[in-house]
Structures are given as structure tokens and as C-alpha cells.
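For reference, the structure is listed below as C-alpha cells.
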């Protein structure tokens, strides 16, 4: 078996090489890889970071091919993609993208405006005193691990899926999900979860 490509995105926004499969793909506005399927130094090509369907209109692409105009990135699920600062794609996920725009802090913002806001928030660090008030799907970090809430329980991220945590003690943490996305979650946007 060959080594996995460096194209899996963590909730921290890092692009890593993992063998675990995700449920969604996306990109960061352009090509980040070289002709040998290795990631270059830059981690985004534009402010448009999107989260897409794995399958759309029967299209097939060779991942990280030399001719590709963007680098295919993969996420465990949409909760992970949102934490990393991506938003739903308006081409392959139009209904989800419209629902996200309607729940965004600036109601029905155009994609470019959402990208501007999300990019500024991705570059800043956000500390909060407690994760207790975060909506389901908002992700926070304790040291090097990522957590979220779902239906009253706390879950820890892993490349293979979210795992239940029995002993979470609330404390000040770093918010990974951009604040504008947290607002969209509070306003009713429902992200897709890994099963």
C-alpha cells in the first residue's frame, strides 16, 4: 500500500497525511501541490475555502494530478471542515450553501463577503472562558485535541470519527470554529456529521 497523500484536514486547519477516509472534500481556492503530489509551502491560494460533496454529477478527478487547478482536500465531516474555516460550496451543495448564508451573521451574505469574514477569523486566535454555551458542532481545543458537543454529550475528534468523552471538565479553551460559523450554528445551520 502506498503512503497517504498530505490532503486530509484536521479541525485545527492543518493539512496532514492520514490513511483514514473522510466523508467530504473541498479546496482552498487553488493548487497547493506540486507535480509529484506533494504539498508546497503555502496552505491556501485564495480566501475561498469550500467544503464539497465527494461525488457530484459523476465527475472523476485524479487527486493532486499535475493538471489540476486546485488541490483536493478531504475532511472527516462537515463539522471538521467548518472548524477548519471552510464553508459549503455553492456549486455542488447549493441548498446547504444557501442555508449557511441565511444563518450567517450577515444574513444572505454573498460568498465573497463570507470568505472575507471567515479568512479574518481563521487568522485570529479565539479564546473563550467556557465551551458550555457553544452550539452542537462548534469545535474547541484543549492542548492538541479537538472537541465538540452533540445532543448533550462531549465528543473528541479523531481521524476515524468522533468519540464520546465521559469526563470533560469545563475550563477556558481555544475556539477552533470561526465565530461567524458558531453564529450560523446557533442560527440553525445543521452541519453533516460523520456517522
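The values are calculated or read from the model by the stated rules, or taken from the named source; none is laboratory data. Quick caveat: nothing in here was measured; it's all calculated off a predicted structure. In this analysis, Cβ positions are derived from the backbone assuming ideal geometry, glycine residues included, and neighbour counts consider all displayed protein chains.
Is it true that some residue in the range 141-161 is at positive phi and touching a helix residue (DSSP H, G or I) at 6+ places or on another chain (Cβ under 8 Å)?
So far as the range 141-161 goes, no, none of its residues is at positive phi and touching a helix residue (DSSP H, G or I) at 6+ places or on another chain (Cβ under 8 Å).
All but one of (1) within 23 Å of residue 163 (Cα to Cα); (2) in contact with a strand residue (DSSP E or B) (Cβ under 6 Å, 6 or more places away or on another chain); (3) in the same structural domain as residue 48 (by TED's automatic domain parsing) hold for residue 88, so report the exception by its number.
With respect to (1) within 23 Å of residue 163 (Cα to Cα); (2) in contact with a strand residue (DSSP E or B) (Cβ under 6 Å, 6 or more places away or on another chain); (3) in the same structural domain as residue 48 (by TED's automatic domain parsing), residue 88 is out only on (1).
I'd like the residue in the range 96-112 that is over 18 Å from the mean Cα position of the chain (by Cα) and loosely packed, with under 14 Cβ neighbours inside 10 Å and, out of all such residues, is farthest from residue 45 (Cα to Cα).
Out of the qualifying residues, it is 107.
Scan (1) touching a residue at least 60 places away in the same chain (Cβ under 8 Å); (2) surrounded by fewer than 18 Cβ atoms within 10 Å (Cβ to Cβ) for the single condition residue 69 breaks and write down its number.
(1)
Could you check, for the range 51-59, whether at least one of its residues is touching a strand residue (DSSP E or B) at 6+ places or on another chain (Cβ under 8 Å), within 26 Å of residue 162 (Cα to Cα) and in contact (Cβ under 8 Å) with a residue 60 or more places away in the chain?
no
Among the residues that make up the range 18-40, is at least one of them within 18 Å of residue 118 (Cα to Cα) and surrounded by fewer than 22 Cβ atoms within 10 Å (Cβ to Cβ)?
Within the range 18-40, one or more residues are within 18 Å of residue 118 (Cα to Cα) and surrounded by fewer than 22 Cβ atoms within 10 Å (Cβ to Cβ).
Would you say residue 191 is surrounded by fewer than 17 Cβ atoms within 10 Å (Cβ to Cβ) and either more than 16 Å from the chain's Cα centre (by Cα) or in contact (Cβ under 8 Å) with a residue 12 or more places away in the chain (or both)? Give the steps one after another, and end with the answer.
Working: surrounded by fewer than 17 Cβ atoms within 10 Å (Cβ to Cβ): no; either more than 16 Å from the chain's Cα centre (by Cα) or in contact (Cβ under 8 Å) with a residue 12 or more places away in the chain (or both): yes.
For residue 191, the condition - surrounded by fewer than 17 Cβ atoms within 10 Å (Cβ to Cβ) and either more than 16 Å from the chain's Cα centre (by Cα) or in contact (Cβ under 8 Å) with a residue 12 or more places away in the chain (or both) - is not met.
If a residue must be farther than 15 Å from residue 77 by Cα and either touching a strand residue (DSSP E or B) at 6+ places or on another chain (Cβ under 7 Å) or in contact (Cβ under 8 Å) with a residue 24 or more places away in the chain (or both), how many such residues does the range 148-175 contain?
The total comes to 11.
Which count do you get for residues in the range 25-38 that are without any contact (Cβ under 8 Å) to a residue 60 or more places away in the chain and either touching a helix residue (DSSP H, G or I) at 6+ places or on another chain (Cβ under 8 Å) or farther than 26 Å from residue 111 by Cα (or both)?
5
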